[in-house]
Amino acid sequence: MNNFDTPEVFLLKGAERKLRLGEIIITTMKELNTDPLTKSELQKLVKIRRKTFRWLLQQLVRNGVIEKTGHGKKAHPFRYHLADRFKKKQ
């Protein structure tokens, strides 16, 4: 699906690495084109360490790339989806 297993990602450091991992999250969401996902569902798909993933997801939400819906409760967890302007053109 995406190429986050390539050695190049593991060789990158700092900001470059975070930028590349953020691109992986966006690419995965574009390719899936499904209903909004919970944080844990999305993390399992992209296979990024939890601390790094949570930071990246927070940044993507702040920048308006990913939108967050829900109440953050067990019955209604936050769900994340790609903002309309970033979705794949069909």
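The values are calculated or read from the model by the stated rules, or taken from the named source; none is laboratory data. Remember, it's a predicted structure, so these values are computed and weren't measured experimentally. Cβ atoms come from the backbone with ideal geometry, glycine included; neighbour counts cover every protein chain shown.
Remarks
- Remark: pairs (first residue in the stretch 70-87, assigned to a strand (DSSP E or B); second residue surrounded by 12 or more Cβ atoms within 10 Å (Cβ to Cβ) and modelled with pLDDT under 90; Cβ separation under 6 Å; 6+ apart in sequence or on different chains) = L82/M29.
- Residue, surrounded by the fewest Cβ atoms within 10 Å (Cβ to Cβ), within the stretch 16-26, restricted to residues that are in contact with a Phe, Trp or Tyr (Cβ under 9 Å, 6 or more places away or on another chain) and within 16 Å of K87 (Cβ to Cβ): I26
- Every residue from the stretch 28-44 that is touching a residue at least 24 places away in the same chain (Cβ under 8 Å), in contact with a helix residue (DSSP H, G or I) (Cβ under 9 Å, 6 or more places away or on another chain), of a type outside the set (D, E, K, R) and over 18 Å from H76 (Cα atoms): T28, M29
- Residue within the stretch 53-73 that is modelled with pLDDT under 90 and more than 9 Å from the chain's Cα centre (by Cα) present: no
- Residue within the stretch 32-50 that is assigned to a loop (DSSP other than H, G, I, E, B) and at pLDDT 90 or above present: yes
- Just one residue in the set M1, M29 is at pLDDT below 90, of a type in the set (A, V, I, L, M, F, W, C) and surrounded by 13 or more Cβ atoms within 10 Å (Cβ to Cβ); that residue is M29.
- One residue stands out in the stretch 29-51 among those that are within 11 Å of the chain's Cα centre (by Cα) and β-branched (V, I, T): the one that is farthest from Y80 (Cα to Cα), namely I48.
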